[in-house]
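Report on the structure given below.
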Amino acid sequence: MRVPAFALSLALSVPALGQSPEPMGAEQPVLPRTDPTTWSKNGWKQIKWGMGPGDVKAALKLPDLIFEIDLGEAHVYEATYPESIFNQNVKVSLHFVGGTKLNLVVLQPRVGLGFDDRELKPRLERNCEQWGHAVFDALKSQYGEPTECNEVPWPTRSCRFRESSLGLKVFYTLNFVRPCESKVTYADLAPIERREADERQKEAKKL
């Protein structure tokens with residue numbers, strides 16, 4: 001039986017850690033958008049590769065989407081995903097090549113400030129580990145067996161899934177030492193396939 005990748009339930013959006021709520025009436029920054037004719041037909045959920053931050057904010061309904069960091073080749077924006085995933089609030093990080101074109105989506109549990117509480121920390125870590133295993137099972141149900149997994153499952157378990165029909169490459173990482181750092185990453189498959197083809201050509205020239 002085919003099941004959805006994630007069982008989703010409605011959850012309240014919360015401010016990013018360390019982020020103060022915007023004062024009432026504060027002017028929101030205008031986020032870059034891109035020409036819809038340049039978007040890929042593939043993507044994740046309601047978003048398409050090549051969308052700008054403003055397009056993604058509208059499509060996923062992310063009122064708290066904020067610029068986080070400039071990585072040089074890409075700008076990273078973050079928000080709380082508007083629905084819980086396996087009973088966890090989730091941070092979504094969105095990478096935009098050149099600051100304008102979406103090519104990477106990262107989902108990670110958002111554990112909250114109580115994580116520093118010694119009594120609460122073990123339960124939160126256990127919840128995060130359960131989240132990681134539930135996500136892995138859901139990915140297998142959605143995309144089949146992973147195309148690649150690391151041989152040694154400690155301290156992390158990393159697997160890759162490829163879904164060519166959806167233009168996705170999915171990277172899954174479960175961190176056994178810091179389970180709340182576990183994550184699932186959706187990447188635009190097209191540039192990955194181009195890079196792999198270039199590498200094959202370079203190797204072929206050596207023969």
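A few comments on the model shown:
- Residues of segment 177-199 satisfying the condition of being under 19 Å from ARG126 (Cβ atoms), in contact with a Ser or Thr (Cβ under 7 Å, 6 or more places away or on another chain) and not small (Gly, Ala, Ser): LYS183
- One residue from ARG118, ARG200, ARG195, ARG157 being in contact with a Leu (Cβ under 8 Å, 6 or more places away or on another chain) and not small (Gly, Ala, Ser): ARG157
- Scope segment 41-76; condition among the basic types (Lys, Arg) and not in a loop (DSSP other than H, G, I, E, B); matching residues: LYS48, LYS57
- Failed item, numbered, when SER84 is tested on (1) at pLDDT below 95; (2) of a type outside the set (Phe, Trp, Tyr); (3) assigned to a strand (DSSP E or B); (4) buried (at least 21 other Cβ atoms within 10 Å of the Cβ): (4)
- Checking HIS95, HIS75 one by one, the residue that is crowded, with 18+ Cβ neighbours inside 10 Å, at pLDDT 95 or above, within 20 Å of ILE192 (Cα to Cα) and out of contact with any helix residue (DSSP H, G or I) (no Cβ under 9 Å at 6 or more places or on another chain) is HIS95 and no other.
- Residue pairs whose Cβ atoms lie under 8 Å apart, separated by 6 or more positions or on different chains, with the first residue in segment 176-192 and of a type in the set (Val, Ile, Thr) and the second buried (at least 17 other Cβ atoms within 10 Å of the Cβ) and in a helix (DSSP H, G or I), are VAL184/VAL135; VAL184/LEU139.
- Residue in segment 108-120 that is closer than 28 Å to PRO191 by Cβ and under 16 Å from the mean Cα position of the chain (by Cα) present: yes
- Residue within segment 166-173 that is in contact with a helix residue (DSSP H, G or I) (Cβ under 6 Å, 6 or more places away or on another chain) and of a type in the set (Lys, Arg) present: yes
- Selection count, segment 115-145, where residues are assigned to a helix (DSSP H, G or I) and under 17 Å from GLN88 (Cα atoms): 20
- Look at segment 55-84: where a residue is on the phi > 0 side of the Ramachandran plot and a partner is part of a loop (DSSP other than H, G, I, E, B), sitting 6+ places away or on another chain with Cβ atoms under 7 Å, you get LYS61/PRO82.
- The residues listed here are THR173, THR156; of these, the one that is within 19 Å of VAL105 (Cα to Cα) and either β-branched (Val, Ile, Thr) or free of Cβ contacts under 8 Å to residues at least 40 places away in the same chain (or both) is THR173.
- Test: residue in segment 26-46 that is under 18 Å from ALA187 (Cβ atoms), modelled with pLDDT under 95 and hydrophobic (A, V, I, L, M, F, W, C): yes
The values are calculated or read from the model by the stated rules, or taken from the named source; none is laboratory data. In this text, all values refer to a predicted model and were calculated from it rather than measured experimentally. Positions of Cβ are backbone-derived with ideal geometry, glycine not excepted, and every protein chain shown enters the neighbour counts.
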